[in-house]
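A quick write-up on the structure given underneath.
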Amino acid sequence: MTIPEIEDLKSESIKCCARFWKRLRLTGASACCFRSRKRKRWFVVFLIIVTSFVTMYLNHKLSETKELKVSRMVTRNRNRRKIRVALTQEDLDVFSNTIQLNYTVVENSFFNKKLFQAEIRLTNTGDRAFPKAGWEIFFSQPSLIEPDRFPYPDGVEMPKYGVRFFFIQGHVYRIVPTPLFKGIKPGKFRVIRYISEHSNAARTDVHPNWYFAGGNLEPRTIANTRGNSLDFVSEHDTPATWKRNTLSEKDDYDFFNPFTAGQRYEKDGVEDLGRAASPVLPTPADIQAYDPQRTVNVLTSNWVIVSGPRLANEAGYLSEVWSMRQVVRAPSNFYVSFIDEVVRVSVRGRTLPTDETYELRVDPNTNIIIIRASQPAGAFYAIQTLISLADRQGNVPTTVIRDGPRYRYRGLMLDVARSFYTKENVFRYIDVMAMYKLNKLHLHLTDDEGWRIDIPGLEELTQVGAKRCHDVTETRCLLPFLGTGPYSGPPGSGFYTVEDYRDILRYAKARHIEVIPEIDMPGHGHAAIKAMEARYKRLINLNATEASRFLLSDLQDKSVYQSVQGFTDDAINPCLRSTYTFISRVINLLYAMHRDISPLRVFHFGGDEVPAGTWEKSPVCSRLLQSGITRNLKQYLATQIANMTSLYNLDLAAWEDGLLHDSKPMRRNTLPNRNVYIFAWNNVWEWGVARRAYDFANNGYKVIVTPATNFYFDHPYEPDPEERGLYWATRYTNTKKVFKTMPENLYRNADTYRSGKPITICDKASDCPPLRNPDNIEGVQGSLFGELIRAQGIQDYMMLPRLLALAERAWHAAPWEYVEDHEQQDQAAERDWVRFANTVGHRELARLDRVGFKYRIPPPGAVVTDEVMKVSTAFPGLQVEMSDDNGLTWSVVDPEGETIDPEKDYILRTKAAFGTRYSRVVNLRDNVSSAFTTVASRIMIIIGLAIALSSYQWSLSLL
């Protein structure tokens, strides 16, 4: 071997040993972290086998002769000269079913950096050899591959594995074989390892629907990656794979481990009160009377409804729900009467606006139900309270409630751009919003990955921008972002026709929900930009002026940037006249769609996450800046949109960074709109930006509180790799965390860094300015972004039951929110949570079951004392089941305790309130904090470590 070859081998060997020792440290020091007893038993055997293989591998490498090396070089050169034989469609069809792709995270914090290493294993399960060339694999993932080498227009070659990776756009990648790829014989496999930025700490960090393509062949999804199960992804079953950062000496070391049954029992267990502790959710402002022992039955006799014309629509709604007749004159009894009358409700000395207040009286003595409200919305909320009070047999208890909402804005954001929701699915969520008195539906209609609203005259927006397929040029469709695969169809493709959208408006209006459309710009504009470029290409040879009329990009722009989501071309250009022609067309048509149903009141233009470096090399922008008209292009765009919307008498809305200038709110008087709503989202505690919500409120903006750490429903419920969700803002957000959020005391919500380390954020008073204008906190919103949402069941799971806690905070101001003593506040909040959790578990979840929502069922907690197991759930009233035969049979656990056999392994699950759905299965004996307890296991660990050390020293001596 030559000197350079020896040096390369030495370097490779040292790196190999370093990686091995890191893995050994992580696994050896945390041997207890393996998540089943069987893995713990075999852990030591694994150590010995691995060290033996390392020794043999190094010995083999060091003993290679120069002649063997030369022979291999000759073989490789011969392979390069071979003529590639193109695959047929039949070949691709076969290989998509016989090549099994498996994905494994090797480790996070790879090479002590914010990187992770992953392994792709291709196994040939068929009887036909997989070729050396002629194929490509396409896939997406949420992080950048080989970040230190980006950009790489010619790809990144991995000589060891015989492949080259190409970045396409939006974190869509292509794997292409090089002449060094050797093919895969039947029954054999090949692995490909690569590194990416950040971490991969959850199964859902891997996208599904990887697919083969080749030349002009129709692409084919690799069968075992199809769908949402992600079964092709290996378990994240060690700290090296489930921790975001495994370096304990670093400030952002990840302290979180998956919760064990014991930890869940202590952390999430709630005292079971045996009943729903509140008659209604969200909690009413004033319950003057409530007696469940005295009831009226609204499903018997001939109940009728009486109302005047002002509340006739609400009376009609109740008539449909309970099949009651509407009459003009009230009988002597058995009727529901709607009375148009002002209802005044005060909370903490503040009189609530009367447009949503109501009074509800249920009197069993007279068999009369009275609903008073001065506005239709108030009457509608009284109906929701009435429906909630009734049991399945139609019994409604004696009740006197005077009620009204804490906030005018009680919202939910649905990201239909990343993951398309059918019209009927949107109806479902409008219904559940109405159940819990939410009144604003924020539709995120556009983003990089999709445009979802038909704009007549700009057909490419839906023909190209609303469609994903296999087209690397993005002239027929967008790329298959977010793991949607090569075929067009939901959830990657789809849009609302004008009439679809108007149907949504009608459905929402009937339930007193305002639809707020968002057209995200200038960032997150990839879909719109590509659609208008497709229009340009279609028309350029026919009419150049018309072709350029709605262009959103400067075709001469050579700016280099990358968005958080991996786009290098997603910033709509604010310097083009055509951009404002486009915006004007969109606003005008949205205004027209709303006009005769629910007049458009607020236009949301997004404005968030514009990457650094945008427009820097745009000739058009250079000329605009040189003219002196503006010095800040993003602010210029915001001002222009404000002026345009003010002509329609519209209020303006944006995400907080859309109206920031030098990290401070833009001067409010530069925007002519009557109200400007700021959606305050970016409050990651360690980033020092939590003050922004109050900064905007104190500067005259109306603020919608939607903090990512508390109200982003795309984050997981637990820090468990089996829980779906992103974790960039916080490691997890469970329902209790949503419930305990204090919108008017935001700094008190700071609990931990993302790593799990406790945090305090107000050491300096200047870091946390007080809220001087609380009236400018207009309301709260839960936001469900759609990067990981690919099915209706997933949407339900991520949204519910967190939505109920959001509704509680939006409607009801809890007294404990205003307690100044922190210890007393925490105790009061905990008591209130027990009340809320019991109400959810004993009543509300069954209501959701009956109307078909697949909410998340919390896994159970459990502890064992003297061979007696006690269990708990986050929502008392749900049953826990156990199995001692690995799930073949199940039995209900006695709430008072269950005697168990200490020699058996038990698994547990929680049952839905109604129906046959279950939670994730958890192991009773998983215990991350426990260690090996037997002397034999300790001895074998020492032996394994000794062998590893001697192998390492021997290999270095050879080098």
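The values are calculated or read from the model by the stated rules, or taken from the named source; none is laboratory data. Just so we're clear, the structure is a prediction, and the values are computed from it rather than from any experiment. Cβ sites come from the backbone with ideal geometry, for glycine too, and all protein chains shown count toward neighbours. Remember, those area values only see protein heavy atoms, side chains included, never the ligands or the DNA or RNA. Shrake-Rupley method; radii C 1.70, N 1.55, O 1.52, S 1.80 Å.
Apolar share of the accessible surface for the range 439-493: 54 percent from carbon plus sulfur atoms, 1.4 Å probe.
Between the beta carbons of GLN89 and GLU235, assuming R0 = 30 Å, the FRET efficiency works out to 0.25 to the nearest 0.05. Taking amide H atoms as placed 1.01 Å from N in the peptide plane, the amide H of GLY450 lies under 5 Å from those of ALA527, each 5 or more residues away in sequence or on another chain. Taking label points 7 Å from Cα along the Cα-to-Cβ direction, ASN773 and ASP431 give a separation of 4.1 nm. Over the residues of the chain, the helix contribution to mean residue ellipticity at 222 nm works out to -9500 deg cm²/dmol, using -39500 (n - 2.57) for each DSSP H run of at least 4.
Here the simple spin-label model places points 7 Å from the Cα toward Cβ, and for VAL892 and CYS762 these points are separated by 4.7 nm.
Close amide H partners of VAL270, meaning residues 5 or more places away or on another chain with modelled amide H under 5 Å apart, are THR873. Summary value for the range 328-444: 24 percent relative contact order, contacts being C-alpha pairs under 8 angstrom separated by 6+ residues.
The residues neighbouring LEU551, those whose beta-carbon lies less than 10 Å from its own, together hold a net charge of +1 under the Lys/Arg +1, Asp/Glu -1 convention. In this structure the amide hydrogen of TYR211, modeled in the peptide plane, comes within under 5 Å of the amide hydrogens of PHE138, ILE222, none closer than 5 places in sequence on its chain. Measuring against 18 Å, Cα to Cα, the residue pairs LYS537/LYS617; LYS530/LYS558; LYS740/LYS854; LYS440/LYS634; LYS243/LYS757; LYS440/LYS702 contain LYS537/LYS617; LYS740/LYS854; LYS440/LYS634 as the ones spanning a longer distance. For percent of Cα pairs over 41 Å apart, the value computed from the atomic coordinates appears in the list (i) 45; (ii) 50; (iii) 40 under label (i).
Structural descriptor for the chain: relative contact order 13 percent, calculated from alpha carbon pairs under 8 angstrom and at least 6 residues apart. Would you please give the FRET efficiency between GLU249 and LEU647, computed as 1/(1 + (r/R0)^6) with r the Cβ-Cβ distance and R0 = 45 Å, to the nearest 0.05? Here the calculated transfer efficiency is 0.15. 3J(HN,Hα) couplings calculated from phi for the range 137-153 with the Karplus curve 6.51 cos²θ - 1.76 cosθ + 1.60 (θ = phi - 60°) are, in sequence order, 10, 10, 7, 10, 7, x, 9, 7, 7, 6, x, 6, 10, 7, x, 9, x Hz; Gly and Pro show x.
Within the range 721-760, what whole-number % of the accessible surface is contributed by carbon and sulfur, with the 1.4 Å probe and all protein chains included in the calculation? Looking at the range 721-760 in its full context, I get 50 percent from C and S. Karplus-based coupling profile of the range 445-460, in residue order and whole Hz: 7, 9, 6, 3, 8, x, 10, 10, 10, 6, 10, x, x, 10, 4, 4, with θ = phi - 60° in 6.51 cos²θ - 1.76 cosθ + 1.60 and x standing for Gly or Pro.
Could you order peptides 591-600, 334-343, 898-907 by the average number of other Cβ atoms within 10 Å of their residues, highest first?
334-343, 591-600, 898-907
Ranked by the mean number of other Cβ atoms within 10 Å of their residues, highest first, the peptides 145-156, 292-303 fall in the order 292-303, 145-156.
Heavy atoms of the protein chains alone define the surface here; on that basis the chain has 41 Å² accessible area per residue at 1.4 Å probe size. Extension gain for the segment THR422 to ASN588, taken as residue separation times 0.36 nm less the Cα-Cα distance, is 57.3 nm to one decimal. Note on the range 823-931: Rg/Rh from C-alpha atoms, Kirkwood Rh, equals 1.02.
Compute the length gained on full extension between SER346 and GLU546: take 0.36 nm times their separation in residues and subtract their Cα-Cα distance, giving the result in nm to one decimal.
Working: separation 200, 0.36 × 200 = 72.00 nm, distance 5.86 nm.
Using 0.36 nm per residue and subtracting the Cα-Cα distance, I get 66.1 nm.
The range 796-824 and the range 487-525 have Cα centres lying 28 Å from one another. Using 0.36 nm per residue and subtracting the Cα-Cα separation, the extra length available between ASP286 and GLU119 on full extension is 54.2 nm.
The simple spin-label model puts a point 7 Å past each Cα toward its Cβ; for ASP355 and GLN463 those points are separated by 4.2 nm. Computed about its Cα centre, the charge dipole of the chain is approximately 2160 debye, with only Lys, Arg, Asp and Glu carrying charge at their Cβ. When the Cα positions of LEU414, THR351, PHE427 are compared along the charge dipole of the range 326-456, THR351 comes out farthest toward the positive end, with charges on each C-beta of Lys, Arg, Asp and Glu. Just the number, please: carbon plus sulfur as a percent of the accessible area of the range 177-245, 1.4 Å probe, no ligands or DNA/RNA counted. Taking all protein chains in place, the range 177-245 shows 45 percent carbon and sulfur surface.
The phi torsions of the range 764-781, fed into the Karplus equation with coefficients 6.51, -1.76 and 1.60 and a -60° offset, translate into couplings of 10, 4, 5, 6, 9, x, x, 7, 8, 10, x, 5, 7, 7, 6, x, 10, 8 Hz, rounded to whole numbers, with Gly and Pro shown as x.
Grab the beta carbon distance between THR752 and VAL834, set R0 = 22 Å, and tell me the FRET efficiency rounded to 0.05. Each step should come with its number before you reach the end.
Details: r = 23 Å, r/R0 = 1.04.
In this case the efficiency is close to 0.45.
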